[in-house]
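*Asks:* Sharing a structure, written as structure tokens. Questions coming.
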Amino acid sequence: MKKEIKIITKNWGQINPQKIEDYLAVGGYQALQKFVQSLTPQSALEEIKTSGLCGRGGAGFPTGLKLESVQKETSKEKYFICNLDESEPGAYKDRSIVDGDPHMLLEGIIISSLIVGARKAYIYINGNYQKQAEILQRAVEQARDKNFLGENILDSKYNLEIEIFAGAGAYICGEETALINSIEGKRGEPRLRPPFPTQVGLFGQPTAVNNAETSTNIPWIIMNGGAAYAGIGSKKSPGTKLFILDGAVENPGVVEAPLGISLEDLIEKYAGGIQKGKEFWFAQIGGSSGRLALQEDLKIKMEYDREAKIPLGSGAILVVDKTVDIHEILLSWTGFFRRESCGKCVPCREGTFRLWEIAKRLQDGEISERDVSAIRDILWTLNSTTFCPFGKFAATAFSDALQNFSKEIYKLSK
Amino acid sequence: MQTVEKILLDFNPELKNLLPALKRIGAGFGYVGEKEAQKVADYFSVPLSKVFETASFYDLVKIKKQPSLLIQICSGSNCATKNAYRVICEIETQLHIKAGDDFNSKAKLEVISCLGQCGNGPVMIVNGNVFTKVTPDSVDDILRNYI
């Protein structure tokens, strides 16, 4: 195998994540120095726009455009938020970043904040990641001691404070407007858009919310230039991406691969192939809200593309083999969305609940004619009428499963 | 002794500290009841309803007294493909409780969402202690220490 380009994972396992000295020894915080000494927020933003970097949280929105819309706001107070509220089932890439190299993430957050002109940044971390919150807290203190944070960063005019805000176990708080509500002490329910958070965000001020993995790419782009980054991986969405492979594969775990790689290559080359004695059935791309890839989709390219048949989402890939009972997976999906629906809008609150009830009946083998026709109605309602994309997510995998495995689903095993 | 007042003094009465304060009180007392919530409301100068509005939304803030045995098990799709539902069944049979039921004051089985430990699934938390790679057979051994 030829030498792979590693951006995010290059220091994982090589350095002690708790020591800033280790990160400095491998060239850490040089991007910040370069930014402070020889770049302006505008020229740094140009590099990010050239790089073609897009959001790694799932939606794939171009990072440069988002930062630009906050940068050009004239408000005095601006905020940068790093979204580390990772709670998609099957996704633990952001947690791995903190475990492996928290300072690279921190450097990315600092540079991004300075680019948009924020003097205060928040890291919104999943409430269950207590150990990771401690690691980050220590990293922030170390960075402050070295003057990478605080007032007059590296003797420049820049000031920045970073605060770590731990969530309290709500999936929907990964949605940026819900996340903002949560920091403001409200229920984590999504807000109506527009106005977009880039104009009216946290405490009513312009706010950029970027995923942790997105931010971790920033130091490399500043050091090596946007053009170099644009040359990696796929044309539509350049760069590398963390993929989380799990399920019936030999070596489950987090891997870094260039975007544009095929699903087959990911499973074969990075995860050691399908477990011995098991047979590939389907893979779910992007966690519980992701679509299903069948045998014939194995050649599909993994990249961010608005027209893609199978969106990449968070990069979680669950490989399911034929020994798994489809009813249990349906129950898992629907149960998850029922629990995590925030309850703000009726179609989602009721739809996810009814779908879960039907999934339970499917498992118990008590499905009625009425249920079968109701499923279609519920899926349509979830897909078309909910306030935020959560409802659409709740319907996606279920519809895919129904379309492809209706025989298995309606075959009543018990 | 730990009191709600003492905990609150660690926080500035700004709304962004409301959720962290509720979490800390919940961790210290097991749950945020009406008495505690009223003190929080006074401290932050917001109505009691506003405190409950926030507190009732989040999984990690409890507003009811919790049973002495709280079993939480992840049912994310990754854990589900690794027999999490058979583990749930096993616990239900052993303890004579149903997942999600609030009726038993001594024991509660809660199905929860992903904890980001998918590589080690199924994941089970018993009174705050995390157990990984749980199987229907290992349930008995784990629960024995708590009953």
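*Asks:* Which one is nearest to A:Ala397 (Cα to Cα), of the residues in region A:49-88 that are polar (S, T, N, Q) and not in a loop (DSSP other than H, G, I, E, B)?
*Replies:* Filtering region A:49-88 down to residues polar (S, T, N, Q) leaves A:50-51, A:63, A:69, A:71, A:74-75, A:83, A:87.
After this cut, where a residue has to be not in a loop (DSSP other than H, G, I, E, B) as well, the list is A:50-51, A:63, A:69, A:71, A:83.
Working: A:Thr50: 34, A:Ser51: 32, A:Thr63: 27, A:Ser69: 33, A:Gln71: 37, A:Asn83: 24 Å.
Result: A:Asn83.
*Asks:* From the residues in region A:145-163 that are under 27 Å from B:Leu22 (Cβ atoms) and more than 10 Å from chain B (Cβ to nearest Cβ), which one is surrounded by the fewest Cβ atoms within 10 Å (Cβ to Cβ)?
*Replies:* Keep residues of region A:145-163 that are under 27 Å from B:Leu22 (Cβ atoms), which gives A:161-163.
Those left that are additionally more than 10 Å from chain B (Cβ to nearest Cβ): A:161-162.
On the way: A:Glu161: 15, A:Ile162: 22.
Restricting to residues being under 27 Å from B:Leu22 (Cβ atoms) and more than 10 Å from chain B (Cβ to nearest Cβ), the top hit is A:Glu161.
*Asks:* Something else: A:Trp356: within 14 Å of chain B (Cβ to nearest Cβ), at pLDDT 95 or above and either assigned to a helix (DSSP H, G or I) or at positive phi (or both), yes or no? Spell out the reasoning first.
*Replies:* Values: within 14 Å of chain B (Cβ to nearest Cβ): yes; at pLDDT 95 or above: yes; either assigned to a helix (DSSP H, G or I) or at positive phi (or both): yes.
Yes, satisfied.
*Asks:* Looking only at region B:81-123, count every residue that is touching a strand residue (DSSP E or B) at 6+ places or on another chain (Cβ under 8 Å) and more than 8 Å from chain A (Cβ to nearest Cβ) and tell me the total.
*Replies:* Kept after step one, since they are touching a strand residue (DSSP E or B) at 6+ places or on another chain (Cβ under 8 Å), are these residues of region B:81-123: B:81, B:84, B:87-88, B:91-92, B:95, B:97-102, B:106-115, B:117-119, B:121-123.
Now restrict to residues that are more than 8 Å from chain A (Cβ to nearest Cβ): B:87-88, B:91-92, B:95, B:97-102, B:106-110, B:121-123.
Total satisfying the criteria: 19.
*Asks:* If you don't mind, there's one more thing I want to ask. Could you check A:Glu86 against (1) buried (at least 24 other Cβ atoms within 10 Å of the Cβ); (2) modelled with pLDDT of 95 or more; (3) acidic (Asp, Glu); (4) closer than 20 Å to B:Lys23 by Cα and say which number it fails?
*Replies:* Against the list (1) buried (at least 24 other Cβ atoms within 10 Å of the Cβ); (2) modelled with pLDDT of 95 or more; (3) acidic (Asp, Glu); (4) closer than 20 Å to B:Lys23 by Cα, A:Glu86 comes up short only on (2).
*Asks:* A further question follows. Determine whether B:Glu14 is closer than 22 Å to B:Asp140 by Cα and either without any contact (Cβ under 8 Å) to a residue 40 or more places away in the chain or at the interface with chain A (Cβ under 8 Å from one of its Cβ atoms) (or both). Explain how you work it out, then say what you get.
*Replies:* Numbers: closer than 22 Å to B:Asp140 by Cα: no; either without any contact (Cβ under 8 Å) to a residue 40 or more places away in the chain or at the interface with chain A (Cβ under 8 Å from one of its Cβ atoms) (or both): yes.
In short, no.
*Asks:* Inside region A:164-202, can you point out the residues that are at the interface with another protein chain (Cβ under 7 Å from one of its Cβ atoms) and more than 21 Å from B:Cys114 (Cα to Cα)?
*Replies:* Listed by number, the residues that qualify are A:Ile183, A:Glu184, A:Gly185, A:Lys186.
*Asks:* Can you confirm whether A:Glu107 is buried (at least 24 other Cβ atoms within 10 Å of the Cβ) and more than 14 Å from chain B (Cβ to nearest Cβ)? Don't jump to the end; show me each part of the working.
*Replies:* Numbers: buried (at least 24 other Cβ atoms within 10 Å of the Cβ): yes; more than 14 Å from chain B (Cβ to nearest Cβ): yes.
The answer is yes for A:Glu107.
Okay, residues lined up against (1) within 19 Å of A:Glu296 (Cα to Cα); (2) away from chain B (no Cβ under 14 Å); (3) in contact with a strand residue (DSSP E or B) (Cβ under 8 Å, 6 or more places away or on another chain):
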| position | (1), (2), (3) |
| --- | --- |
| A:Ala248 | yes, no, yes |
| A:Val254 | no, no, yes |
| A:Ala257 | no, yes, yes |
| A:Ile261 | yes, yes, yes |
| A:Leu266 | yes, yes, yes |
| A:Tyr270 | no, yes, yes |
| A:Lys278 | yes, no, yes |
| A:Ile285 | yes, no, yes |
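*Asks:* Please state which one of A:Gly108, A:Gly57 is modelled with pLDDT under 95 and either touching a Lys or Arg at 6+ places or on another chain (Cβ under 6 Å) or assigned by TED's automatic domain parsing to the domain that holds A:Leu149 (or both).
*Replies:* A:Gly57 is the lone residue from the list that is modelled with pLDDT under 95 and either touching a Lys or Arg at 6+ places or on another chain (Cβ under 6 Å) or assigned by TED's automatic domain parsing to the domain that holds A:Leu149 (or both).
*Asks:* When region A:120-146 is examined, which residues are found to be in contact with a strand residue (DSSP E or B) (Cβ under 9 Å, 6 or more places away or on another chain), more than 16 Å from A:Ser182 (Cα to Cα) and not aliphatic (A, V, I, L, M)?
*Replies:* Selection gives A:Lys120, A:Tyr129, A:Gln130, A:Gln132, A:Gln137, A:Arg144.
*Asks:* Say whether the condition of being in contact with a Phe, Trp or Tyr (Cβ under 9 Å, 6 or more places away or on another chain), buried (at least 22 other Cβ atoms within 10 Å of the Cβ) and either not assigned by TED's automatic domain parsing to the domain that holds A:Pro190 or not in a helix (DSSP H, G or I) (or both) is met by at least one residue in region A:380-387.
*Replies:* So the first thing to find is which residues in region A:380-387 are in contact with a Phe, Trp or Tyr (Cβ under 9 Å, 6 or more places away or on another chain), and the list is A:382.
Remaining after also requiring buried (at least 22 other Cβ atoms within 10 Å of the Cβ): A:382.
Those left that are additionally either not assigned by TED's automatic domain parsing to the domain that holds A:Pro190 or not in a helix (DSSP H, G or I) (or both): A:382.
Among the residues of region A:380-387, at least one is in contact with a Phe, Trp or Tyr (Cβ under 9 Å, 6 or more places away or on another chain), buried (at least 22 other Cβ atoms within 10 Å of the Cβ) and either not assigned by TED's automatic domain parsing to the domain that holds A:Pro190 or not in a helix (DSSP H, G or I) (or both), which makes the answer yes.
*Asks:* Turning to a different aspect of this structure: In region B:57-80, how many are among the hydroxyl-bearing types (Ser, Thr, Tyr) and more than 8 Å from chain A (Cβ to nearest Cβ)? First the steps, then the outcome.
*Replies:* Let us first name the residues in region B:57-80 that are among the hydroxyl-bearing types (Ser, Thr, Tyr), namely B:58, B:68, B:75, B:77.
Next, only the ones that are more than 8 Å from chain A (Cβ to nearest Cβ) stay: B:68.
Total satisfying the criteria: 1.
*Asks:* Can you confirm whether B:Ile63 is touching a Phe, Trp or Tyr at 6+ places or on another chain (Cβ under 9 Å), in contact (Cβ under 8 Å) with a residue 24 or more places away in the chain and part of a loop (DSSP other than H, G, I, E, B)? Spell out how you get there, then give the answer.
*Replies:* Values: touching a Phe, Trp or Tyr at 6+ places or on another chain (Cβ under 9 Å): yes; in contact (Cβ under 8 Å) with a residue 24 or more places away in the chain: yes; part of a loop (DSSP other than H, G, I, E, B): yes.
Criteria met by B:Ile63.
*Asks:* Here's a follow-up. On the given criteria, is A:Arg349 basic (Lys, Arg), out of contact with any strand residue (DSSP E or B) (no Cβ under 8 Å at 6 or more places or on another chain) and surrounded by fewer than 14 Cβ atoms within 10 Å (Cβ to Cβ)? Steps first, answer last, please.
*Replies:* Working: basic (Lys, Arg): yes; out of contact with any strand residue (DSSP E or B) (no Cβ under 8 Å at 6 or more places or on another chain): yes; surrounded by fewer than 14 Cβ atoms within 10 Å (Cβ to Cβ): no.
Against the criterion (basic (Lys, Arg), out of contact with any strand residue (DSSP E or B) (no Cβ under 8 Å at 6 or more places or on another chain) and surrounded by fewer than 14 Cβ atoms within 10 Å (Cβ to Cβ)), A:Arg349 does not qualify.
*Asks:* Identify all residues within region B:61-111 that are β-branched (Val, Ile, Thr) and crowded, with 19+ Cβ neighbours inside 10 Å; write none if there are none. Outline the logic, then answer.
*Replies:* Within region B:61-111, the first condition is being β-branched (Val, Ile, Thr), and the residues that meet it are B:61, B:63, B:71, B:73, B:81, B:87-88, B:91, B:93, B:97, B:111.
Correct list: B:Val61, B:Ile71, B:Ile73, B:Thr81, B:Val87, B:Ile88, B:Ile91, B:Ile97, B:Val111.
*Asks:* A further question on this structure: Return yes when A:Arg338 is within 29 Å of A:Asn181 (Cα to Cα) and within 11 Å of another protein chain (Cβ to nearest Cβ) and no when it is not.
*Replies:* Numbers: within 29 Å of A:Asn181 (Cα to Cα): yes; within 11 Å of another protein chain (Cβ to nearest Cβ): yes.
Judged against the criteria, A:Arg338 is a match.
*Asks:* Something else now. The conditions are (1) surrounded by fewer than 16 Cβ atoms within 10 Å (Cβ to Cβ); (2) polar (S, T, N, Q); (3) modelled with pLDDT of 95 or more, and A:Asn251 fails exactly one of them. Which is it?
*Replies:* The single condition A:Asn251 does not satisfy is (3).
*Asks:* So, one more: Could you grab me the full set of residues in region A:170-186 that are crowded, with 22+ Cβ neighbours inside 10 Å and assigned to a loop (DSSP other than H, G, I, E, B)?
*Replies:* Residues satisfying the conditions are A:Ala170, A:Glu175.
*Asks:* Considering (1) in a helix (DSSP H, G or I); (2) over 23 Å from the mean Cα position of the chain (by Cα); (3) within 10 Å of another protein chain (Cβ to nearest Cβ); (4) of a type outside the set (Ser, Thr, Tyr), say which one A:Val324 fails and leave the rest.
*Replies:* With (1) in a helix (DSSP H, G or I); (2) over 23 Å from the mean Cα position of the chain (by Cα); (3) within 10 Å of another protein chain (Cβ to nearest Cβ); (4) of a type outside the set (Ser, Thr, Tyr) applied to A:Val324, the lone miss is (1).
The values are calculated or read from the model by the stated rules, or taken from the named source; none is laboratory data. Owing to the predicted nature of the structure, the values given are computational and were not obtained by experimental measurement. A quick note on method: Cβ atoms are made from the backbone with ideal geometry, for glycine too, and the neighbour counts reach across all protein chains shown.
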